[in-house]
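Colleague: A single structure is presented below for examination.
The values are calculated or read from the model by the stated rules, or taken from the named source; none is laboratory data. Keep in mind that what you see is a predicted model, and the values were worked out from it rather than measured. Virtual Cβ from ideal backbone geometry, glycine too; neighbours counted across all protein chains shown. Quick note on the areas: whole protein, heavy atoms, side chains included, nothing else; ligands and nucleic acids left out. Shrake-Rupley method; radii C 1.70, N 1.55, O 1.52, S 1.80 Å.
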Amino acid sequence: MREQELIVYRNFEDGALLEDMAWIMSRYGSAAEEEEERCPGRPRSRKGMAALFYDCIHRLIELAGNYGFHGNLWHCYLANLLVNNENSYSCGCELRGEIDGTVNEAALHDIVIFKEFYDFDFGPVMEKLQAPEFSLIENYRAGSRESKMYNARICARICQLAEKFCQDHTPEEMKDTLTRFYGEYGVGKFGLHKSFRVEHGDNGVRIEPIPKIAHVALNDLVGYEIAKKKLTDNTDAFVAGRKANNCLLFGDAGTGKSSSIKAIANEYYEKGLRIIEVYKHQFRDLNEVISQIKNRNYRFIIYMDDLSFEEFETEYKYLKAVIEGGLEKKPENVLIYATSNRRHLIRENYADKEEIRQDMHTGDTVQEKLSLVYRFGVTIYFGAPDKKQFREIVRILAERGGVAMPEEELLAEANKWELSHGGLSGRSAQQFIDYLLGGA
């Protein structure tokens, strides 16, 4: 096998398994009975090669457990390598489809090699190495437990792609199938996942996928139609490549600000939107985060939940510079969305407005504190519902959840609940319905 001849598709994250399988596929026919190993680290005897073959079977089954793969696990593994390898060809095709240039010839050269991997007949290998158990991974039935790495949607796409590759008769057809996948879904972690978090390790700043987020939609949020319309209008413009603004969702606790952002991540994923969650202590990493995403074909929202600052906290100065004010222009594919219970984000004191102050330039102090919120071109208010609105939220959530209770009793119990659970809010209404559905 010719894995060493790959040009574009190299440096796979889980490439060791490919190398071991290629070694077996190339040399199983010459495996000798003697135990002498003439190549350190690589078995040449039949017994040693069989042991490596069984280890590969083990790793493929472990991949099935971690990723949720089913069917032909070897084919799923190869498909997973192709959809996750970020290179000049795959990144050029992401969300755009086929590109021009000589890189197409280089990519086709590599797909020819992958087609050889796909079409390889393992029957003689199993016979020579006396390892019939390889047939287990050729038609593998996955268990019911959830994947650790992928959600069901991602897993299904990769397994379907693996099956489609088997139907392609030529490397050219296989390349076209892969290119269409890149054009529709993208490539790598940004292509497969909706949301991400930032981690700072020994190797610097990393953007890591969040495999599962709450599957909520904006329609699940009862009321707040004007607020939702402002949010979707701004996001529609952003994903369409038109001018859009950084967005601040502020207001009372439990009114659906964070849920609205999760809904945006779900509803705009197919249009190329990705959400990266950043915490306050990570603001110093913002420039590095932006440098990793600014040249990709996706639209990124950097999301900051429950954003607020005390007077002694100065992290907001980093945020100000990133949003607007630094020498480098903020990329057009990046926006900042934040939620906060504070309209102005930074704590203000009455001393800031008193006639006698210790600060000689009090106007400058006030402007400094307001300058951050002014960098959000769209501000959306989420207010707590009144009694009537709260009851309507309870009625709708109860109907959706299938709560069987007379309306008068339902509302009376809801009133009792909110008095001891944070007051009138959509969150307390949902908690009350969950309490009823839990059979308490």
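Colleague: Can you tell which of G92, L248, A142 lies farthest toward the positive end of the dipole of the chain, using +1 and -1 charges on the Cβ of basic and acidic side chains (Lys, Arg; Asp, Glu)?
Modeller: L248
Colleague: How large is ³J(HN,Hα) for each residue in segment 240-253, as worked out from phi by the Karplus curve 6.51 cos²θ - 1.76 cosθ + 1.60 (θ = phi - 60°), to whole Hz, x for Gly and Pro?
Modeller: Taking θ as phi minus 60°, the curve returns 7, x, 8, 5, 9, 10, 4, 10, 10, 9, 10, x, 6, 5 Hz for segment 240-253.
Colleague: Tell me, what % of the accessible area of the chain is carbon and sulfur with a 1.4 angstrom probe?
Modeller: Numbers: 10800 of 22500 Å².
Carbon plus sulfur share of accessible area: 48 percent.
Colleague: Quick one: which of 414-423, 276-285 comes out on top by average Cβ neighbours within 10 Å, and what's the full order, highest first?
Modeller: Per-residue Cβ counts within 10 Å, averaged per peptide and sorted highest first, yield 276-285, 414-423.
Colleague: Here is a further query. Treating the beta-carbon of each Lys and Arg as +1 and of each Asp and Glu as -1, no other charges, what is the dipole magnitude of segment 58-211 about its Cα centre, to the nearest 20 debye?
Modeller: Working: 16 positive and 23 negative charges, 156 e Å.
Roughly 760 debye, rounded to the nearest 20.
Colleague: Which of the listed residues, T379, I113, Y182, is farthest toward the dipole's positive end in the chain, when Lys, Arg count +1 and Asp, Glu count -1 at the beta-carbon?
Modeller: Most positive-ward Cα: T379.
Colleague: So in the chain, what percent of DSSP beta bridges are antiparallel if you round to the nearest 5?
Modeller: Percent antiparallel among DSSP bridges in the chain is about 25.
Colleague: Using a 10 Å cut-off on Cβ atoms, rank the peptides 83-93, 385-395 from the highest mean neighbour count down.
Modeller: In decreasing order of mean packing, 83-93, 385-395 become 83-93, 385-395.
Colleague: From the Cα gyration tensor of segment 102-146, with a ≥ b ≥ c the square roots of its eigenvalues, which class applies: rounded if a/c is under 1.5, or else prolate if a/b is larger than b/c, or else oblate?
Modeller: Oblate, since a/c reaches 1.5 and b/c is not below a/b.
Colleague: Hey, can you rank 246-259, 10-23 by average C-beta count inside 10 Å, highest first? Kindly include the intermediate steps, with their values, before the conclusion.
Modeller: Values: 246-259: 22.4, 10-23: 15.6.
Highest to lowest by the protection proxy: 246-259, 10-23.
Colleague: Translational diffusion coefficient, Stokes-Einstein: compute it for segment 1-126 using the Kirkwood radius over C-alpha pairs as Rh, at 25 °C and 0.890 mPa s, and state it as an integer in µm² s⁻¹.
Modeller: Values: Rh = 16.1 Å.
Estimated via Stokes-Einstein, D reaches 153 µm²/s.
Colleague: Further question on the same structure: Starting from the Cα of R180, move 7 Å in the Cα-to-Cβ direction to define the label point; list residues of segment 98-138 whose amide nitrogen is under 15 Å from there.
Modeller: Hits in segment 98-138 for R180 at 15 Å: 98.
Colleague: Going through the DSSP H helices of the chain, which span 30 Å or more along their own axis at the Cα atoms while scoring at least -1.0 as a mean Kyte-Doolittle hydropathy?
Modeller: 46-67
Colleague: Listed here are the pairs K228/K317; K228/K262; K271/K294; K229/K317; K230/K262; which of them are more than 22 Å apart at the Cα? Walk me through the intermediate numbers first.
Modeller: On the way: K228/K317 29 Å; K228/K262 13 Å; K271/K294 17 Å; K229/K317 30 Å; K230/K262 16 Å.
Among K228/K317; K228/K262; K271/K294; K229/K317; K230/K262, the Cα-Cα distance tops 22 Å for K228/K317; K229/K317.
Colleague: If you don't mind, there's one more thing I want to ask. Under 5 Å between amide hydrogens, which residues at least 5 positions from F300 or on another chain qualify, with H placed 1.01 Å from N in the peptide plane?
Modeller: R274, V334, L335
Colleague: Under a straight-distance cross-link criterion of Cα-Cα below 27 Å, which lysines are reachable from K128, leaving out those fewer than 8 residues away in the same chain?
Modeller: K47, K115
Colleague: I need the shape label for segment 240-291. Rule: rounded when a/c is under 1.5, else prolate if a/b > b/c, else oblate, with a, b, c from the alpha carbon gyration tensor.
Modeller: The shape class here is oblate.
Colleague: Let me ask something else about it. At 222 nm, what helix-only mean residue ellipticity would the chain give, in deg cm²/dmol to the nearest 500, using -39500 (n - 2.57) for each DSSP H run of four or more?
Modeller: Computed ellipticity for the chain at 222 nm equals -14500 deg cm²/dmol.
Colleague: Kindly report the accessible area of the chain per residue (heavy atoms of protein chains, probe 1.4 Å, no ligands, DNA or RNA), in Å².
Modeller: Numbers: 22500 Å² over 440 residues.
In whole numbers, the chain has 51 Å² accessible per residue.
Colleague: Let me ask something else. So what are the chain's ellipsoid semi-axes, whole angstrom, largest first, if each one is the square root of 5 times an eigenvalue of the alpha-carbon gyration tensor?
Modeller: Taking √(5λ) for each eigenvalue gives 51, 29, 20 Å, largest first.
Colleague: Within straight cross-link reach of K387, meaning Cα distance under 19 Å, which lysines are found once same-chain residues fewer than 8 apart are removed?
Modeller: Cα-Cα hits under 19 Å: K416.
Colleague: Okay, next question. Pull out a ≥ b ≥ c, the square roots of the eigenvalues of the alpha-carbon gyration tensor of segment 126-195, then state rounded if a/c is under 1.5, prolate if not and a/b is larger than b/c, and oblate in the remaining case.
Modeller: oblate
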